[in-house]
Amino acid sequence: FVEAGTLHIVMDDAEGGDLHNLIKGQAGRVLPEAQVIDYFVQLCLAMKHVHDRKVLHRDIKSQNIFLTQNKKIFKLGDFGIARVLNATAELAKTACGTPYYMSPEICDNKPYNDKSDVWSMGCVMYELVTLQPPFTATNHLALAQKILKGKVDRIPERYSEDL
């Protein structure tokens, strides 16, 4: 925030690192379903808080989800490219964010809204259960084509059908 012409940046510690490093540290060992659900519920509540204030995060990814020291509590961070909408129905038009988590609307250069953040949340959820992003490619065009097709491998069978 800016006060009397001075920019103030308020930060919080993330002693537990970020979700991306937690996933990498799993070394192929899947996370328990209860932990996945707990993390995802926290992410959903954070996004509800953000979206209720008409803010699009626009860069939801495992590297922007931070953990407390005990790795039990999420903190959503890096609002550097967030955008405040004037009205709930307003659509944004600028492409931004991390390619692996981009929604089909952004890949197709179409206007988007908070549903693009929800898409990214789904990508994070998929990454939590498979330990890898749902879409990968060697270049942006190939990645965009995969996202537009929307086909992903099934999550591991050890997880419940509801998940």
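Just a few scattered comments:
Every residue, every condition in (1) part of a loop (DSSP other than H, G, I, E, B); (2) within 13 Å of the chain's Cα centre (by Cα); (3) surrounded by 19 or more Cβ atoms within 10 Å (Cβ to Cβ); (4) modelled with pLDDT of 85 or more, yes or no:
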| residue | (1), (2), (3), (4) |
| --- | --- |
| 89 | yes, no, no, no |
| 110 | yes, no, no, no |
| 116 | no, yes, yes, yes |
| 120 | no, yes, yes, yes |
| 125 | no, yes, yes, yes |
| 148 | no, no, no, yes |
| 152 | yes, no, no, yes |
| 156 | yes, no, no, yes |
| 162 | yes, no, no, yes |
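- Candidate set: the range 11-41, residues that are among the polar types (S, T, N, Q) and open to solvent by 40 Å² or more (accessible area, probe 1.4 Å); chosen: the one nearest to residue 157 (Cα to Cα): 35
- Near pairs, Cβ below 6 angstrom, 6+ apart or cross-chain, from the range 116-134 (free of Cβ contacts under 8 Å to residues at least 60 places away in the same chain) to any residue that is of a type in the set (S, T, N, Q): 119/103
- Checking residue 133 against (1) crowded, with 19+ Cβ neighbours inside 10 Å; (2) in a helix (DSSP H, G or I), the condition it does not meet: (2)
- For beta carbons closer than 6 Å, sequence separation of 6+ or different chains, a first residue in the range 11-22 that is modelled with pLDDT under 90 and a second that is open to solvent by less than 40 Å² (accessible area, probe 1.4 Å), the qualifying pairs are 16/67; 16/68.
The values are calculated or read from the model by the stated rules, or taken from the named source; none is laboratory data. Source: prediction; values computed, not measured. Don't worry about glycine lacking a Cβ; one is built from the backbone with ideal geometry, like all the others, and counts go over all protein chains shown. Ligands, DNA and RNA are excluded from the accessible area calculation, which covers all protein heavy atoms including side chains. Shrake-Rupley method; radii C 1.70, N 1.55, O 1.52, S 1.80 Å.
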